[in-house]
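The values are calculated or read from the model by the stated rules, or taken from the named source; none is laboratory data. Being a predicted model, the structure only gives us computed values, none of them experimental. Cβ coordinates were reconstructed from backbone atoms using ideal geometry, including for glycine residues, and neighbour counts include every protein chain displayed.
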């Protein structure tokens, strides 16, 4: 398999947004993910599509109701969550379709100073 090695600079990475990359870190570790954005000295992997539009920083929103506990719904019993199957329970049917679905890893922000090189996969 052929890979392209690119220097970790914002202008160099611009054409590769949306592609799968491997970040080779200076400590020898590697991080693999979809290149979403590169700005302000940071590389964003596995972000959403609007991350490259100019949103600057990921921040958790503070709750306005700090001293008010949330009301919790009562838990349902496991028997109530299982749907009724017409014809009895003696014939179990598995869902059709491809195997387990691939889930994207969470977004990750990596400083460019810690990256030695970027491999385009």
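The test for being at pLDDT 90 or above, in contact with a strand residue (DSSP E or B) (Cβ under 9 Å, 6 or more places away or on another chain) and either loosely packed, with under 10 Cβ neighbours inside 10 Å or part of a helix (DSSP H, G or I) (or both) does not hold for residue 113. Can you find a residue in the stretch 31-52 that is at pLDDT below 90 and closer than 18 Å to residue 121 by Cα? Checked against the condition, which is being at pLDDT below 90 and closer than 18 Å to residue 121 by Cα, the stretch 31-52 yields at least one hit. Of all the numbered requirements in (1) surrounded by 15 or more Cβ atoms within 10 Å (Cβ to Cβ); (2) out of contact with any helix residue (DSSP H, G or I) (no Cβ under 8 Å at 6 or more places or on another chain); (3) not in a loop (DSSP other than H, G, I, E, B), residue 15 misses one, and that requirement is (1).
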